[in-house]
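Working notes, beginning with the structure itself.
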Amino acid sequence: MHEEPKRLLAQALRDTSTLLVEALPHFMRTVEVPRPAEGGGLTIVEERQPNFKRAMIAITLKQMDVGAAFVESFVKHHPEFSGMVFVSTGSGLDLKTFLVGAVVDYLWKKHRAIPFQEPQIFGAISQLEKLLDERMATLSFHAELMNFTMDGDLLELPLGCRIRRLSPDELIKIVPNPETAFSEIVRSHDEFCIEGDLTATITTDDKAFGSKDRVSAAEMVLKIVAGIRAFKSGGIHTKEFLLRPKGFFPFSTGTMTFGHTWPHLEKTEIKKEDEAPLVEHLKQYVELKEKSMLMACARLCEAQVRTSPLDRVLDACIALELLLLGGMPKDDRKGELKYRFSMNYASLHTGAAQRHAAYQEARHIYDLRSTIAHGSTPDEPIRLGADKVGLIEAANRTIEVLRFVIKHFLPQVQDTPYKKPEFWDAAHFGLPYPPPKK
């Protein structure tokens with residue numbers, strides 16, 4: 001970074017600091033903060049604190065004036081940053097316009113004191129210079145774990161991740177009421193996090209703009225959570241994924257919210273003796289690429305957190321089929337079950353042509369189910385009867401087949417004919433059921 005904009009930035013920071021010294025006393029607020037109580041525990045006390053954001057808004061125009069010389073010099077000596085600047089965690093900004101304010105915000109969050117001291121100012125400028133020269137920044141990612149507990153405080157995991165017990169200060173930010181912050185409920189469900197580091201790249205090329213680094217880290221967290229579910233029972237879960245800069249970082253980091261079904265309250269518990277086997281298990285899990293095992297693990301993860309027992313059994317049985325029947329030849333796998341499935345569906349129709357068409361469609365639906373259940377992705381177009389359709393249409397058609405069968409049997413549900421072999425024997429030959437009395 002050229003010396004002239006560095007010098008002008010330092011002056012802009014001094015001038016902004018002076019403006020804040022004058023403005024902050026006019027923007028005080030009362031906040032409740034936890035403090036140690038006599039005899040142990042925590043208590044809430046009220047404190048008067050400056051509202052930094054409102055003060056910055058109030059001095060915006062003056063702050064832009066004191067930073068104008070820096071912006072002009074910065075663009076002159078670093079024209080590559082005259083436009084939008086992007087970061088691989090998924091954000092971008094007009095850096096020259098917001099740089100002074102971003103450094104002020106960083107200094108306030110780090111030191112919580114005005115006026116800024118000279119070593120603080122030049123320390124921040126040094127970090128900015130390094131950021132622009134290297135065009136890289138190190139951030140930590142952080143995802144709080146729900147429904148999880150373990151005996152230890154720290155567990156190093158594959159892929160550079162670790163599980164860490166939150167400090168009391170971190171925990172109080174999640175549940176700010178000191179009367180509940182250290183209760184058994186909170187300690188069972190909010191006390192640990194998965195975290196690690198990632199390197200974000202900075203670019204001025206809008207074609208390279210994206211959030212690949214943030215997405216990759218978030219997917220890594222989800223994979224670790226899934227691997228823990230595959231290792232031990234319980235509803236381990238994470239709601240949000242946060243990025244936290246490790247130094248000066250003027251870009252927005254944002255929050256990713258995972259749209260998972262909220263799991264049941266049974267917690268995943270990792271004992272001390274589980275730690276080494278878990279780490280070894282995760283090393284294998286994160287490298288897993290075999291489709292059948294991936295699908296089985298995915299089904300296990302879903303079964304683990306579903307609220308309906310029927311859904312959990314179904315997911316678990318599909319996973320068992322994947323692994324226990326995976327060695328069967330395809331011809332054997334598709335034999336008797338598919339034939340019965342197809343013939344029974346066809347027998348619910350009338351007329352030879354309709355029955356034949358229904359038989360063919362049911363055979364193809366069973367093939368589709370087998371393809372998905374045994375760990376493969378169906379190739380499109382998909383054959384359904386006399387038609388070739390896409391995967392979405394195939395799913396819709398399968399639902400319509402189910403709807404047809406339900407409508408057929410709903411009026412007879414009290415007699416449950418579909419549970420009686422003699423009903424299907426009669427249906428196959430077009431005979432009435434129940435048979436007429438002699």
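Among the residues of segment 407-429, those that are exposed (fewer than 10 other Cβ atoms within 10 Å of the Cβ) and either hydrophobic (A, V, I, L, M, F, W, C) or in contact (Cβ under 8 Å) with a residue 24 or more places away in the chain (or both) comprise L410, F429. For segment 357-368, the condition holds for no residue, the condition being that it is at pLDDT 85 or above, part of a loop (DSSP other than H, G, I, E, B) and small (G, A, S). Pairing residues of segment 143-158 that are part of a helix (DSSP H, G or I) with residues that are at pLDDT below 90, at Cβ distances under 7 Å and at least 6 apart in sequence or on separate chains, gives P158/L282; P158/K283; P158/V286.
One residue stands out among those in segment 207-253 that are assigned to a loop (DSSP other than H, G, I, E, B) and in contact with a helix residue (DSSP H, G or I) (Cβ under 6 Å, 6 or more places away or on another chain): the one that is nearest to F98 (Cα to Cα), which is P250. The sole residue among E38, E47, E32 that is more than 22 Å from S126 (Cα to Cα), in contact (Cβ under 8 Å) with a residue 60 or more places away in the chain and not assigned by TED's automatic domain parsing to the domain that holds F241 is E32.
Look at (1) surrounded by 17 or more Cβ atoms within 10 Å (Cβ to Cβ); (2) assigned to a helix (DSSP H, G or I); (3) assigned by TED's automatic domain parsing to the domain that holds P277 and you find that W108 fails only one, number (3).
Identification of helices (runs of 4 or more DSSP H) wholly contained in segment 264-343 with 1 or more residues that are at pLDDT below 75 and surrounded by fewer than 15 Cβ atoms within 10 Å (Cβ to Cβ) yields 309-324, 330-333. Does F404 fit the bill of being in contact with a Phe, Trp or Tyr (Cβ under 8 Å, 6 or more places away or on another chain), part of a helix (DSSP H, G or I) and at pLDDT 80 or above? No.
The values are calculated or read from the model by the stated rules, or taken from the named source; none is laboratory data. For clarity, every value in this text was computed on a predicted model and none was experimentally measured. For neighbour counting, all protein chains shown are included, and Cβ atoms are generated from backbone atoms with ideal geometry for every residue, glycine included.
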